[in-house]
Amino acid sequence: MQIRYNTSSVRLEEMPLDIGYASERVELTGGSDETFRIGGQEGVTQLIVTTPFIDDELLAQLHELDLLLSLNALGGITKTLVVATSRHVDPKLAEWRFGIDRDEAFGDYYGIRLSPGELGGEFAKALFVISKDGALFYDEILRDLNAPFTVENALIKIAAAQNCYTGKGCHG
């Protein structure tokens, strides 16, 4: 997958995980060096955002997501901002965990690591929704790193992921 960044283009190193596949449970390191796990079957809907850089536009989008989730009474969701390297600083967002993929497991499994070049080793700008049963329910991997997420689509998919869970998976 080719991704635009300013006037150049970058590529993903691997193929992204397909919708419907079981997500992998991976360990991340938080801003205070504590570790925690994301992905896999958690019994809660998981919203995961990855980015090659944390800027004001991204923070505004995460705030917008928080506001819309609250207005639509979509609670009980874990929200995690994931970066590839420790060069990023935890933006300390309320209700969001911040994770660094020190073991490189997340980037490899979810297929969002950028190939060598200007942003080599960083993650693509992506949004993942993992259902309560651990399946990848929705993803949006932006083809332009400066573009915003389609928040309305994400909100619809989060609501669907919340409502489809029966304890037997989304197809049971």
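Let's see how each residue does on (1) of a type in the set (Gly, Ala, Ser); (2) closer than 17 Å to THR45 by Cα:
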residue	(1), (2)
ASP90	no, no
GLY117	yes, no
VAL129	no, yes
ASP144	no, no
- in a loop (DSSP other than H, G, I, E, B), open to solvent by 20 Å² or more (accessible area, probe 1.4 Å) and over 14 Å from LEU47 (Cβ atoms): does that describe GLU152? no
- Task: Would you check which residues across segment 66-86 are surrounded by 13 or more Cβ atoms within 10 Å (Cβ to Cβ) and either among the polar types (S, T, N, Q) or in a loop (DSSP other than H, G, I, E, B) (or both) and list them?
- Result: ASN72, LEU74, THR78, THR80, ALA84, THR85
- Are any residues in segment 108-149 over 18 Å from LEU59 (Cβ atoms), among the acidic types (Asp, Glu) and part of a loop (DSSP other than H, G, I, E, B), and if so, which ones? GLU118, ASP133
- Message: Being open to solvent by less than 100 Å² (accessible area, probe 1.4 Å), among the polar types (S, T, N, Q) and at negative phi is the filter here; which residues of segment 3-14 pass it?
- Response: SER8, SER9
- Message: Where the second residue is basic (Lys, Arg) and the first is open to solvent by 20 Å² or more (accessible area, probe 1.4 Å) and lies in segment 122-149, which pairs have Cβ atoms under 6 Å and are six or more apart or on separate chains?
- Response: TYR138/LYS157; ASP144/ARG4
- Message: When the residues of segment 100-116 are narrowed to those that are more than 18 Å from THR78 (Cβ to Cβ) and in contact with a Phe, Trp or Tyr (Cβ under 9 Å, 6 or more places away or on another chain), which ends up most open to solvent (accessible area, probe 1.4 Å)?
- Response: ARG113
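The values are calculated or read from the model by the stated rules, or taken from the named source; none is laboratory data. Since the structure is predicted, the reported quantities are computational estimates derived from the model, not experimental observations. Positions of Cβ are backbone-derived with ideal geometry, glycine not excepted, and every protein chain shown enters the neighbour counts. All accessible areas refer to the heavy atoms of the entire protein, side chains included, with ligands and DNA or RNA removed. Shrake-Rupley method; radii C 1.70, N 1.55, O 1.52, S 1.80 Å.
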